[in-house]
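Student: Mind looking over this structure? Questions follow.
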Protein chains: 2
Amino acid sequence: MAKQAVQHPVIFTGRTVPHHSRCWTRVDVCGTASPRDPSSIRNEDPVLSLSPGNMAAPSTDTCGLMERSVRERVPPLLTDLYQFTMAYAYWRAGRHQEPAVFEMFFRDNPFGGGFSLFAGLNDCLLFLRSFRLTDQDVQFLRSVLPPNTDPAFFDFLRGLDCSAVMIRSLPEGSVVFARVPLMEVEGPLAVVQLLETSLLCLVNYASLVCSNAARFRLAAGHQRRLLEMGLRRAQGPDGGLTASRYTHIGGFDLTSNVQAGFLFGIPVAGTIAHSYVTSFNSLEEVWPQTLVTANGDPNPVDIISLTKGWLRRVCELMGAEPGKIHEGELAAFLSYAVAYPQNFLPVIDSYSVGCSGLLNFCAVALALCELGYKPVGVRLDSGDLCRQSIEVRRVFRLCGEQFSVSTFNSLIIVGTNNISEESMAELNKKENEINVIGVGTHLVTCTKQPSLGCVYKLVEVRGRPRMKISEDPQKSTVAGRKAIYRLLDADGHCFLDLLCLMVEPPPEAGCTLTCYPLGGDNSSVSVTPAQVTCLRKEVFLKGQVTEPLCSAAETRAKVQSSLQTLHPRHKRLQEPDSYTVALSVKLRNLVTELQKGSNSDSNFLLAN
Amino acid sequence: MAKQAVQHPVIFTGRTVPHHSRCWTRVDVCGTASPRDPSSIRNEDPVLSLSPGNMAAPSTDTCGLMERSVRERVPPLLTDLYQFTMAYAYWRAGRHQEPAVFEMFFRDNPFGGGFSLFAGLNDCLLFLRSFRLTDQDVQFLRSVLPPNTDPAFFDFLRGLDCSAVMIRSLPEGSVVFARVPLMEVEGPLAVVQLLETSLLCLVNYASLVCSNAARFRLAAGHQRRLLEMGLRRAQGPDGGLTASRYTHIGGFDLTSNVQAGFLFGIPVAGTIAHSYVTSFNSLEEVWPQTLVTANGDPNPVDIISLTKGWLRRVCELMGAEPGKIHEGELAAFLSYAVAYPQNFLPVIDSYSVGCSGLLNFCAVALALCELGYKPVGVRLDSGDLCRQSIEVRRVFRLCGEQFSVSTFNSLIIVGTNNISEESMAELNKKENEINVIGVGTHLVTCTKQPSLGCVYKLVEVRGRPRMKISEDPQKSTVAGRKAIYRLLDADGHCFLDLLCLMVEPPPEAGCTLTCYPLGGDNSSVSVTPAQVTCLRKEVFLKGQVTEPLCSAAETRAKVQSSLQTLHPRHKRLQEPDSYTVALSVKLRNLVTELQKGSNSDSNFLLAN
């Protein structure tokens, strides 16, 4: 019977909301995308199915507002000073217009896992589209750069934009692996250097928190609804909003964050906190003390007497001691039920679940049922959630049978108590009756690993491949512009990402090829893909975004379809098999030549 | 001799910048606080002393712009949905205007330490001052709250502000301890409930990252300059900017974040990255190939020939193999030196410090010295920083003596390589010659503990104390409005924070008092303070901020003076002695009574 509740997911407030056209920074909307008439999406049934289809795609106007938001949150000065000192030195040497190529990648999959998700691309594109320094920016730079900086450089800065920048990228929401270049940024050397910090800042956390959400989703299984509720513990307001957005994309269903509902159309959820419960002391505080029936009978019923009657019967049924029941808690529940009789889902552990909260809930819920309403369920916020949920479900069933109230068979149980990925996985293994799990701190701050470590490295200047040959091999880079292919096996699982020179012909399905896995012992492997996908495409050219920007819902669907191509052995949360990323023979030869060149004798000291 | 460099801290770009009056979100400044004329702060000497006095305090106009920024980053909808459902239930029961008091505190000191710092108050006050829901906010809430919500509630929401809210708080930048209420928020029940998530979001990360910076500062000692450079790894753009601001307040000297320099007057630093070095291939790319002398002799000197000559002499002196020297690296150094001859501080580990980078640096620096310039120093970004810095210093001394160049005795060494608190402490114990340390990821994302866990709990309604009596004692709260006193010993060290009832007379210096330590075994202790400080004062009343807002520089000074009152045994980074937070006898009696009341039989079921 409890399974039924699982199959009918519920927003416990509970409404799926339209995606409103509004800037993150609260500008007035003066465009064409006025919010849908709220009445058109009203739904009298608190049990709503949640599908991405319920969320509207962002309108063109929304994109404009998002762009303004990105411009405001990521001004061109939100970068490291050395980007400007380097730009000056390039400019001074006349090298600023040289065509250059940077690549963005991370060195290790986060959380000790076998994969990551790529997110933040949309924001990067909006950032690039509006990248321009103001007079005030330039005036400030004048005051911080050394006084001998040539004044003409500031004119150059004032005129900069990204009209000569080209981006090739994986799609947002793709499964990605360490050392695979996610994004290639091509353009004038000084410009693409200046973009580094901002692009990294936009991709690093978005990808990290999206990957974290996907891991929580894998740990939780697909049956349960997941609620993100981390705003108060996030690393700043924007961190909180970014978390709500990308955890939804990564697989969460609901958020507590109202602004995220407003901006991104993510379904919002929430009812009451402990403070609400503890603010009540006695039944005298309940007002109004009557409630009309759901079918509209005009005669209001004394809800307090009705509930007291039910409480006596519940106590009898359970053999509970009425003396241990908190009157203030009952008053709080009643007060909320009178306000929202169709959305009754209180937190029941303010005092004692078994001795007070559960009994009070059952009494109020039975009274609501008697008046024709459907209570929604309960929230547990402390202690052993699994054990408690089983006991709560048992009591629901008992009441349902004893009092012949079928609604009690579809009540939901929400669990929220400092859930980590480990406790989520644990919970998924143990018997329990929890339908919705709320996660805050560990999800949004990514406690297991709070940063991704994406880097942005130069791979080509003026058509010549460049690489960093560090004494620390982990910090060496792979030179040259690349094409990247994902090889899939006959089951549709990806098994190898191949980095090739841009000029090489793509690998072909059914044809065996030789390549050199990164991080291996320098020996080659031969593989025969059943399918080959070209991973990156051009997304930004001549100052314009060349592909339609995806909505959160579309990217969320992309995440799930991309994860489906991943073999379970790579998806395993603990000790996954490592995924192979390899260089083509030609790319490997290039790298070897450059390394050799680097070690060969240099005789420039003899020349004049 | 190296010590001298330590005593003359250096910004390696290097300029201390004025605090500009500009909104975080890049509005045009139309107020009175135009930026200082940059020329007035120009300083031809790259060695600048850094003192907070170099930073201008925010003008009134800046506060206005900051307020707008807070309003844009923290709109009233950036909160949990349940705040609104609870507000509705209070409103429906006619309880929304009841006077209520919430307290903010955290349960454990972060990072396993003995203290925390309190930050984020200024932003909270600006948030409160402008807290107002727009028509659009209310329209959105209509669409997410249950359809039977009384329409008059939305009129109530539309008219809400914080004119009836009163805040009593510790000063921003104070040393604080677990379980001490930092902030007391008093006002109409529905309003102060609505503020919860936003206030927590503004205090949690600010306090956490400020405390983290203070720990890094303690680990580093006071000699070294500390540079924050975490923007690219931060949890979002605003996370990065917040980190730059509060790590400076917590004890860092410099930031790489230009926008933080712009907004908060934090000195900015940075020169070049590896990409700059690897973008050069040969000396032909250096342009111009000449440099005039520092004293203005109009005849330009061939800097390449000059440097080659020095490189030969350096190689000879060091017995180095010229064949291992990277021409591209030398070209990069020369190119930067030509652009910024007074600010030469390259990263020297792109290929090999000992075989190439250090030799190239010395050659270019000696050429610069010959032309009358003062090179600044080098940056090390990989490997064993301590060992390398000693070797680098040895070579500097050797060159300085051999070639009689005194500037080589004051070159600085900057170390940046994934520094954590542990590696910082380690580095501080080992012999090394590092003058400036740059910290990124571990500082800004607080890897050791990425969230503080501040909570916001109801302690009084309608003059009646309220508390949550959880089955989990850690989650129980301490009821009632409180006054908080810090007791100091004869040495000026604080040793106990005392929570009293608001109505109690304050403890007196020299008088013995009895109190009950929290988390103890319920036994009392007797203490005699040499001094007593009242910790909180009113900072917000009738919609207005009642104390002048502190500048970043003032709060930074407050942090250091507050830390000085802390005994070293509590300041210890590992296994500190825990600081005592205690209840007065009267407050303890209140809590005991409430707990007893909670356990006493309740007979409301018998009443009608």
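The values are calculated or read from the model by the stated rules, or taken from the named source; none is laboratory data. Keep in mind the model is a prediction, meaning the values are calculated, not measured. Neighbour counts are summed over all protein chains in view; Cβ atoms, including those assigned to glycine, are modelled from backbone coordinates with ideal geometry. To get the accessible areas, we keep the full protein, side chains included, count just its heavy atoms, and leave off ligands, DNA and RNA. Shrake-Rupley method; radii C 1.70, N 1.55, O 1.52, S 1.80 Å.
Student: Report the relative contact order of the stretch B:271-434, percent, no decimals, based on alpha-carbon pairs under 8 angstrom and at least 6 residues apart.
Tutor: So the answer I get is 22 percent.
Student: Going by amide H atoms built from the backbone, whose H comes under 5 Å of the H on B:LEU133, apart from near neighbours?
Tutor: Close amide H contacts, sequence-distant or interchain: B:LEU160.
Student: Which Cα, out of A:SER305, A:THR293, A:HIS326, lies furthest along the positive dipole direction of the stretch A:271-434 (beta carbon charges, K/R +1, D/E -1)?
Tutor: Looking along the dipole axis, the top candidate is A:THR293.
Student: Follow-up. Can you compute the charge dipole magnitude of the protein assembly as shown about its Cα centre, using +1 on each Lys and Arg Cβ and -1 on each Asp and Glu Cβ, nothing else charged? Give it in debye, rounded to the nearest 20. Spell out each step's value before the answer.
Tutor: On the way: 116 positive and 118 negative charges, 33 e Å.
Value, rounded to 20: 160 debye.
Student: What are the ³J(HN,Hα) values, in whole Hz, obtained from phi via the Karplus relation 6.51 cos²θ - 1.76 cosθ + 1.60 with θ = phi - 60°, for each residue of the stretch B:112-120 in sequence order, with x given for Gly and Pro?
Tutor: So the J values, rounded to whole Hz, are x, x, x, 7, 9, 10, 9, 9, x.
Student: Which FRET efficiency value, to the nearest 0.05, do you get for B:ASN522 and A:LEU317 by plugging their Cβ-Cβ distance into 1/(1 + (r/R0)^6) with R0 = 35 Å?
Tutor: Calculated value: 0.35.
Student: By the scheme Lys and Arg +1, Asp and Glu -1, what is the net charge of all other residues having a beta-carbon under 10 Å from that of A:ARG481? Let's see the in-between values first.
Tutor: On the way: positive: A:ARG168, A:LYS482; negative: A:GLU103, A:GLU184, A:GLU186, A:GLU460.
Residues near A:ARG481 contribute -2 overall.
Student: Once amide H atoms are placed 1.01 Å from N in the peptide plane, what residues at a sequence separation of 5 or more from A:ILE272, or on another chain, have their amide H within under 5 Å of its amide H?
Tutor: So A:ILE272 has HN proximity to A:VAL347.
Student: Separate question: How would A:VAL70, A:VAL478 line up by accessible area, probe 1.4 Å, largest first?
Tutor: Values: A:VAL70 0, A:VAL478 25 Å².
So, going from the largest accessible area down, we get A:VAL478, A:VAL70.
Student: Please report, for the Cα atoms of chain A, the Rg to one decimal and the Dmax as a whole number; what are they, in angstrom?
Tutor: Every Cα atom of chain A included, Rg and Dmax give 29.0, 105 Å.
Student: Mind ranking A:538-551, B:187-200 by how tightly packed they are, going by the mean number of other C-beta atoms within 10 angstrom, highest first?
Tutor: Packing proxy ranking, top to bottom: B:187-200, A:538-551.
Student: Still on this structure, I have one more. Considering only DSSP beta bridges with both partners in the stretch B:148-303, what is the antiparallel share in %, to the nearest 5?
Tutor: Antiparallel bridges: around 65 percent, rounded to the nearest 5.
Student: Of all beta bridges DSSP finds with both residues in chain B, what is the antiparallel percent, to the nearest 5?
Tutor: 70
Student: If you take each beta carbon of peptide B:277-286 and count the beta carbons of other chains within 10 angstrom, what is the mean?
Tutor: For peptide B:277-286, the averaged partner shielding equals 5.
Student: As a test of the definition: which semi-axes, in Å, follow for the stretch A:271-434 when you take the square root of five times each eigenvalue of its alpha carbon gyration tensor? Largest first, please. Numbers along the way, then the final one.
Tutor: Working: eigenvalues 135, 56, 45 Å².
Output for the stretch A:271-434: semi-axes of 26, 17, 15 Å.
Student: Still on this structure, I have one more. Put +1 on the Cβ of each Lys and Arg and -1 on the Cβ of each Asp and Glu in chain B; which of B:ALA234, B:PRO188, B:SER406 then has its Cα farthest toward the positive end of the dipole?
Tutor: Going by the Cα projections, it comes out as B:PRO188.
Student: For chain B, calculate the relative contact order in percent as a whole number, restricting contacts to Cα pairs under 8 Å that are 6 or more residues apart.
Tutor: Taking the mean separation of contacting Cα pairs over the length of chain B, I get 19 percent.
Student: Once you have the Cα-Cα distance between B:ALA294 and B:ASP161, take 0.36 nm times their residue separation minus that, and quote the gain in nm to one decimal.
Tutor: Gain on stretching B:ALA294 to B:ASP161: 41.8 nm.
Student: If each label sits 7 angstrom from Cα along the C-beta direction, how far apart, in nm, is A:SER476 from its counterparts in the other copies?
Tutor: So the label point of A:SER476 gives 6.3 nm to the other copies.
Student: Work out, step by step, the length gained on full extension between A:CYS511 and A:ALA530: first 0.36 nm times the residue separation, then minus their alpha carbon distance; give nm to one decimal.
Tutor: Working it through step by step, the gained length comes to 6.0 nm.
Student: If you don't mind, another one. Using θ = phi - 60° and the Karplus relation 6.51 cos²θ - 1.76 cosθ + 1.60, list the HN-Hα couplings for the stretch A:257-266 in order, rounded to whole Hz, with x at every Gly or Pro.
Tutor: Per residue, the Karplus-derived 3J(HN,Hα) values read 7, 4, 4, 5, x, 4, 7, 10, x, 6 Hz.
Student: Between A:ARG107 and B:HIS222, what is the spin-label point distance in nm, taking each point 7 Å from the Cα along the Cα→C-beta axis?
Tutor: Between A:ARG107 and B:HIS222, the simple spin-label model gives 3.6 nm.
Student: Need one value for A:95-102: mean number of C-beta atoms belonging to other chains within 10 Å of its residues' C-beta atoms.
Tutor: Per residue, the number of nearby Cβ atoms from other chains is 1 on average.
Student: Rounded to two decimal places and with Rh computed the Kirkwood way over Cα pairs, what is Rg over Rh for the stretch A:160-279?
Tutor: Rg/Rh: 1.09.
Student: Along Cα-to-Cβ, 7 Å out, sits the label point; list in nm, shortest first, how far the one on B:GLY520 is from those in the other copies.
Tutor: Taking the point 7 Å beyond Cα along Cα→Cβ, the inter-copy spacings are 6.6 nm.
Student: Compute for the stretch B:426-563: radius of gyration divided by Kirkwood radius, i.e. Rg/Rh, restricted to C-alpha atoms, rounded to two decimals.
Tutor: 1.04
Student: Taking amide H positions as placed 1.01 Å from N in the peptide plane, with prolines and chain starts having none, which residues 5 or more places from B:TYR373, or on another chain, fall under 5 Å of its amide H?
Tutor: Long-range HN contacts for B:TYR373: B:ALA294.
Student: Would you calculate a helix-derived [θ] at 222 nm for the protein assembly as shown, using -39,500 (n - 2.57) for each DSSP H run of n ≥ 4 and dividing by the full residue count, to the nearest 500?
Tutor: -11000 deg cm²/dmol
Student: Same structure, new question: Magnitude of the Cβ-charge dipole of chain B, K/R +1 and D/E -1, about the Cα centre, nearest 20 debye?
Tutor: Charge dipole of chain B: 880 debye, to the nearest 20.
Student: Okay, moving on. With unit charges on the beta carbon (Lys/Arg positive, Asp/Glu negative), name the residue among A:PHE495, A:ALA509, A:GLY480 whose Cα is farthest towards the positive pole of the charge dipole of the stretch A:453-562.
Tutor: Of the options given, the answer is A:GLY480.
Student: Between A:SER578 and B:GLN139, what is the spin-label point distance in nm, taking each point 7 Å from the Cα along the Cα→C-beta axis?
Tutor: With each label placed 7 Å out from Cα toward Cβ, I get 5.5 nm.
Student: Here is a follow-up. Where both partners of a DSSP beta bridge lie in the protein assembly as shown, what percent of those bridges are antiparallel, to the nearest 5?
Tutor: 70
Student: Once phi is turned into θ = phi - 60°, what whole-Hz ³J(HN,Hα) does the Karplus curve with 6.51, -1.76 and 1.60 give for every residue of the stretch B:173-178, x standing for Gly and Pro?
Tutor: x, 6, 5, 9, 10, 4
Student: Run through the other copies and list how far each one's label point is from that of B:GLY463, in nm with one decimal, shortest first; the point sits 7 Å from Cα along Cα-Cβ.
Tutor: Here B:GLY463 shows inter-copy label distances of 8.7 nm.
Student: What average count of beta carbons from other chains do you get within 10 Å of the Cβ of residues in B:299-310?
Tutor: Rounded to a whole number, the mean comes out at 1.
Student: Would you mind giving the three semi-axes, in whole Å and largest first, of the ellipsoid equivalent to the protein assembly as shown according to its Cα gyration tensor?
Tutor: 56, 36, 26
Student: Follow-up. Under unit Cβ charges (Lys, Arg +1; Asp, Glu -1), what dipole magnitude, rounded to 20 debye, does the stretch B:271-434 have relative to its Cα centre?
Tutor: The calculation lands at about 320 debye.
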